[in-house]
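First the structure, in the form of structure tokens, and then the observations on it.
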Amino acid sequence: MNLSNEDNLRMNVLLHQDLQAIRIDESKMIVYGLSDKGEARVDLKPNCKDEVYIKQVKELISTHVLGSPGGYPIFLRRWTRMGQSRTNESLERLLLLGESEAIVAVVNADEVSNEIARYAWWAMPTADNARCLLRHQDVVDGDMGKELADFLVEFLPFEEEPRAMIESARLVLQAGLITDEVRKSLWKKGNRKNALLVGFLKALPNELPVESKEHKLFSELSEKLLPLKDNVYAKILLRLLSKEGQAYLSTVESVLKKPSNQDVVILLFQTIKDYLDSVRPNQNDYFDIEEVLSDADKYVNATATQFDDLKTILNTLPEFNTLVRAILVLSMVDETLLTPIFS
């Protein structure tokens, strides 16, 4: 059975406009189209079961956009064969199919412009899509960045998955997206939902909005390490002993006291690894903390280590080797340490 004459006419009128995106509300049986003139709509009057009628509507749209009723699967095969050439043009056509899978493909594309993000967001405004779009620098820099960030901040009280909370916090904390007041409010909420604190650790490791004092050894070591200003271990040591570094460590400790679930701990460990990546002495997968401690002892033995920067700082400040060892231990923290526990 074909579309009713009235719907067929109205759909063709809609499709022959200069559209930017199409959205289908299957529960209300309405097709929306977005253009420079604003939003147009077609209220469908099905002459068969709704799901069958929607399928026919999508086939009509796909035939107009792609020349084939196959919809997104057909487009995907063509896109793959083309090696995603002419990306912007391809994304624009995907937005015209009225299919949720196509919108998800758009927001997950390698590159998404601010304008494409605007059309995709109109077509499917979900928290997952907002997070995907805020991973694109052009979107962050454009006017859509703040709109998406505001949405994610407002949606956070309804977010149930800690992993999603962490990612939302990390993304909205990108420069220029939210105000200082909102940032402080998020930090305060992190006292109750410490998954948010992991987002802060990822996004602003050296600018956490918390008062903290530098370590008592900071001034002394700043002078002693002045000749080693290019030494990576000296840089990390001073960073951790500074008030910013002490804030970082206290926040890590706060999360570890009462993590929401396993995802929070895993992402926290990954964050620690990234923070200290420049001084990690190897890329081994550790499944036992005792192995980490043992290897740290070996690396602190200056005669055994092969790293010039490590040798230098150990020989220059032998009385502070325990601090260097602690940094090495932290740098070798990774999610593999959690495997025997969570399994």
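The values are calculated or read from the model by the stated rules, or taken from the named source; none is laboratory data. Remember, predicted model here, so these are calculated numbers, not experimental data. When we count neighbours, we look across all protein chains shown, and the Cβ atoms used for this are built from the backbone with ideal geometry, even at glycine. To get the accessible areas, we keep the full protein, side chains included, count just its heavy atoms, and leave off ligands, DNA and RNA. Shrake-Rupley method; radii C 1.70, N 1.55, O 1.52, S 1.80 Å.
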Per the filter on segment 156-182, residues surrounded by fewer than 20 Cβ atoms within 10 Å (Cβ to Cβ) and charged (D, E, K, R) are Glu159, Glu160, Glu161, Arg163, Asp180, Glu181
Take Gly145 and decide whether it is crowded, with 22+ Cβ neighbours inside 10 Å and on the phi > 0 side of the Ramachandran plot.
no
Among the residues in segment 29-49, are any polar (S, T, N, Q), open to solvent by 70 Å² or more (accessible area, probe 1.4 Å) and part of a loop (DSSP other than H, G, I, E, B)?
no
Pick from segment 125-139 the residues that are buried (at least 20 other Cβ atoms within 10 Å of the Cβ) and hydrophobic (A, V, I, L, M, F, W, C): which of them is farthest from the chain's Cα centre (by Cα)?
Val139
So the check is Cβ under 6 Å with 6+ separation or different chains; which pairs have a first residue in segment 326-343 that's closer than 17 Å to Leu267 by Cβ and a second one that's open to solvent by 70 Å² or more (accessible area, probe 1.4 Å)?
Thr336/Asp285; Thr336/Phe287; Thr339/Phe287; Phe342/Gln262
Helices (runs of 4 or more DSSP H) wholly inside segment 284-343 that include at least 3 residues being of a type in the set (S, T, N, Q)
308-316, 321-331
Would you check which residues across segment 290-336 are among the aliphatic types (A, V, I, L, M) and open to solvent by less than 20 Å² (accessible area, probe 1.4 Å) and list them?
Val292, Ala296, Leu310, Ile313, Leu314, Leu317, Val324, Ile327, Leu328, Met332, Val333
Whichever residue in segment 50-93 is modelled with pLDDT under 80, part of a helix (DSSP H, G or I) and among the polar types (S, T, N, Q) and, among such residues, is least open to solvent (accessible area, probe 1.4 Å)
Thr87
Quick one: which helices (runs of 4 or more DSSP H) lie wholly within segment 118-162 and hold at least 1 residues that are among the aromatic types (Phe, Trp, Tyr) and either in contact with a strand residue (DSSP E or B) (Cβ under 6 Å, 6 or more places away or on another chain) or modelled with pLDDT of 95 or more (or both)?
143-155
Can you find, within segment 188-207, the residue that is surrounded by the fewest Cβ atoms within 10 Å (Cβ to Cβ) among those that are assigned to a loop (DSSP other than H, G, I, E, B) and touching a Phe, Trp or Tyr at 6+ places or on another chain (Cβ under 7 Å)?
Pro205
Could you please let me know if Ser212 is surrounded by fewer than 18 Cβ atoms within 10 Å (Cβ to Cβ), in a helix (DSSP H, G or I) and over 19 Å from the mean Cα position of the chain (by Cα)?
no
Note on segment 220-260: residues part of a helix (DSSP H, G or I), more than 21 Å from Pro281 (Cβ to Cβ) and among the small types (Gly, Ala, Ser) are Ser222, Ala247, Ser250, Ser254
Residues of segment 169-201 being touching a Leu at 6+ places or on another chain (Cβ under 9 Å), of a type in the set (Lys, Arg) and over 16 Å from Glu159 (Cβ atoms), in sequence order, are Arg183
Taking the conditions exactly as written (in contact (Cβ under 8 Å) with a residue 40 or more places away in the chain and within 30 Å of Arg192 (Cα to Cα)), does Lys243 satisfy them or not?
no
Filter segment 4-39 down to the residues that are touching a Lys or Arg at 6+ places or on another chain (Cβ under 7 Å) and free of Cβ contacts under 8 Å to residues at least 24 places away in the same chain, then identify the one that is nearest to Val104 (Cα to Cα).
Tyr32
Looking only at segment 266-278, decide whether some residue is assigned to a helix (DSSP H, G or I), modelled with pLDDT of 95 or more, farther than 24 Å from Ala149 by Cα and aliphatic (A, V, I, L, M).
yes
Could you list, in sequence order, all residues of segment 236-251 that are under 17 Å from Met165 (Cβ atoms) and open to solvent by 10 Å² or more (accessible area, probe 1.4 Å)?
none
Inter-residue pairs, beta-carbon under 6 Å, first over 16 Å from Ile289 (Cβ atoms) and among the polar types (S, T, N, Q) and in segment 254-278, second open to solvent by 50 Å² or more (accessible area, probe 1.4 Å) and in a helix (DSSP H, G or I), 6+ apart:
Gln262/Phe342; Gln270/Glu335; Thr271/Lys202
